[in-house]
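Peer 1: What follows is a structure written as structure tokens; I'll ask about it next.
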Amino acid sequence: MSTISRGPLPPAAGHPGPLPPPGADPLRVPLALTLVRAGAALAAVAALAVTFWGGIEERGAALAFALLIGVGELARWSGAEERESAPLAAAGALAYALLGENAGHPTHDGVPQIVAVVTAASLLGCVPHVAKGRGPTADHLTRRVLTVGFAAVCFQPLYNEGRLAEWAGTGPAYAALVVALLLLTALWDAVLAAAMAHARTRWPFGPLLRDELRGTLGIGSAVCATGAVMALAVAVAGLWALPVFSLPLLLTQLSFRRYAAVRTTYRQTIASLARATEIAGYTPAGHARRVAALSRAVGRELGLSGPELTVLEYAALMHDIGQLSLVDPVPAGATAALAPAEQRRIALLGGAVVRQTGVAAEVAVVVERQADPYREQPVSASIVRAVNAYEEITGEAGPGGPLKALEELRLGTARDYRPEVVESLARVLARDGLTLPLAG
């Protein structure tokens, strides 16, 4: 399987694009991630060499699964936020790794051939996407190779040696064993995805793994189920079972594509609403997007889940929208310097505006509670308040802004700012290349 993590909001009209997550250098690949990619590349090259030297067994089955995987990659959708952008290719690859019989005749494809066929078919299916500049990342192919290799190593030697027949026979127990191997493979894929994301972003591993496991319950479960059904159906009915059992997953993919399109439109609407304060001259240009990007990074650092991060990002984008109700704009939109009663009034006005837009009630709660004492706030509201204050102080203080902002936030941890949020913000900024003192 292969997943796609939820990304930042799409750029609003006229905006250069979403800010990179703090701590991420697009030109520098961490050593651990480089080693994982190199290992996958060596495994793929070795499998291709062994297959080329020894020849292809069961050529009909190899060609059929290669065609299925290639078509699945061609049918993938780019820019999707769901964790699996090529579910048909992933299901076909898993089915091939767990293939034991073809129409009642035992197969002897072997691990190297399976990895070689999946690699070659995936690369060929990606060519049109790469030509259009929307090709899959190296991590996508790395995980495809390592996940399929894991499944094949777990299944093929035991099957070829007759161990599976001894343990489970050919009835329901055999099907249960195939499903168990798929679940183990899904767990391996989730751990691998979280580890690669942790190496790339240095976000906490635990929340990343939790998000991957939660994502597996969505289209990932459909991929696993289809892979198991394909492998079992081919064992009985032959290769004609592949197109039959591909259709439900294609329909599922279409449904997910429509859902992703609706959600993208929803996010773009929120991004446009957030720019209203900038267009009206109440806040500096880009302020809302900078607060949203940094708030999301701090939320990641604190271990918030994917849905919680989405609410946090929406609330951070719209945290200043209450200023539209003011007769006289706040100078530079700097609400952190206002009296507490005025901050709460603007926050409540903002929450009322958010509720009228039809955005989720959770977002409105964060917006309207961002000015409360931190002991009474949800964590998301504490993050928005601290990050907004940091952004405002930094913008006013010039070159020494980051140090001055962190100092003021730490002095305000007695009442205004949650201490753990401030220290998480300091860690995120330190990873971003700023020299900031950490507490303790």
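Peer 1: Under a crude label model (7 Å from the Cα following the beta-carbon direction), how far is residue 74 from residue 268 in nanometres?
Peer 2: 2.8
Peer 1: Here's a follow-up. Once Rh for the chain is found with the Kirkwood sum over Cα pairs, what is the Stokes-Einstein diffusion coefficient at 20 °C and 1.002 mPa s, in µm²/s?
Peer 2: So the translational diffusion coefficient is about 90 µm²/s.
Peer 1: Would you mind getting me the FRET efficiency between residue 404 and residue 375? Use the beta-carbon distance for r and R0 = 30 Å, nearest 0.05.
Peer 2: 0.75
Peer 1: Next question. Compactness ratio of segment 109-152: Cα Rg over 2.2 N^0.38 Å, N = residue count?
Peer 2: 1.21
Peer 1: Then there is this: Please list, in order along segment 350-355, the HN-Hα scalar couplings obtained from phi with the Karplus expression 6.51 cos²θ - 1.76 cosθ + 1.60 (θ = phi - 60°), rounded to whole Hz, x for Gly and Pro.
Peer 2: x, x, 5, 5, 4, 5
Peer 1: Under the rule of at least 5 residues apart or a separate chain, name every residue whose amide H is placed under 5 Å from the amide H of residue 102.
Peer 2: Those qualifying (amide H under 5 Å, at least 5 residues apart or on another chain) are 107.
Peer 1: Rounded to the nearest 20 debye, what is the charge dipole size of the chain about its Cα centre when +1 sits on each Lys and Arg Cβ and -1 on each Asp and Glu Cβ?
Peer 2: 400
Peer 1: Rg/Rh for segment 158-245: what does it come to with C-alpha atoms and Rh from Kirkwood?
Peer 2: 1.10
Peer 1: Related question: Using only Cα atoms, what is the ratio of the radius of gyration of segment 253-348 to 2.2 N^0.38 Å? Don't skip to the answer; put the middle values down first.
Peer 2: Details: Rg = 15.4 Å, N = 96, 2.2 N^0.38 = 12.5 Å.
Output field value: 1.24.
Peer 1: With the crude spin-label approximation of a point 7 Å out along Cα→Cβ, what separation in nm comes out for residue 42 versus residue 415?
Peer 2: With each label point 7 Å from Cα toward Cβ, the separation is 6.1 nm.
Peer 1: Give the Rg (one decimal place) followed by the Dmax (whole number) of segment 67-192, computed from C-alpha coordinates and expressed in Å.
Peer 2: Values for segment 67-192 (Cα only, Rg and Dmax): 15.4, 50 Å.
Peer 1: Under a point spin-label approximation (7 Å from Cα along Cα-to-Cβ), what is the residue 153-residue 361 distance to one decimal in nm?
Peer 2: So the two model labels end up 5.0 nm from each other.
Peer 1: Now for a separate question. Looking at the chain as a GNM with Cα springs under 10 Å, which of 110, 220, 401 has the largest mean-square fluctuation?
Peer 2: Its mean-square fluctuation being the largest, the pick is 401.
Peer 1: At 1.4 Å probe radius, can you tell me the per residue accessible area of the chain in Å²? Numbers along the way, then the final one.
Peer 2: Details: 19470 Å² over 440 residues.
Per-residue value: 44 Å².
Peer 1: Quick one: ranking 404, 132 by accessible area, 1.4 Å probe, largest first, what do you get?
Peer 2: Most to least solvent-accessible, the answer reads 132, 404.
Peer 1: Mind checking the dipole of segment 40-149: about its Cα centre, +1 per Lys or Arg Cβ, -1 per Asp or Glu Cβ, Debye to the nearest 20?
Peer 2: My answer is approximately 320 debye.
The values are calculated or read from the model by the stated rules, or taken from the named source; none is laboratory data. The structure presented is a predicted model; accordingly, all values stated were derived computationally and were not measured. When we count neighbours, we look across all protein chains shown, and the Cβ atoms used for this are built from the backbone with ideal geometry, even at glycine. We work out accessible area using only protein heavy atoms, side chains counted, and drop any ligands, DNA or RNA first. Shrake-Rupley method; radii C 1.70, N 1.55, O 1.52, S 1.80 Å.
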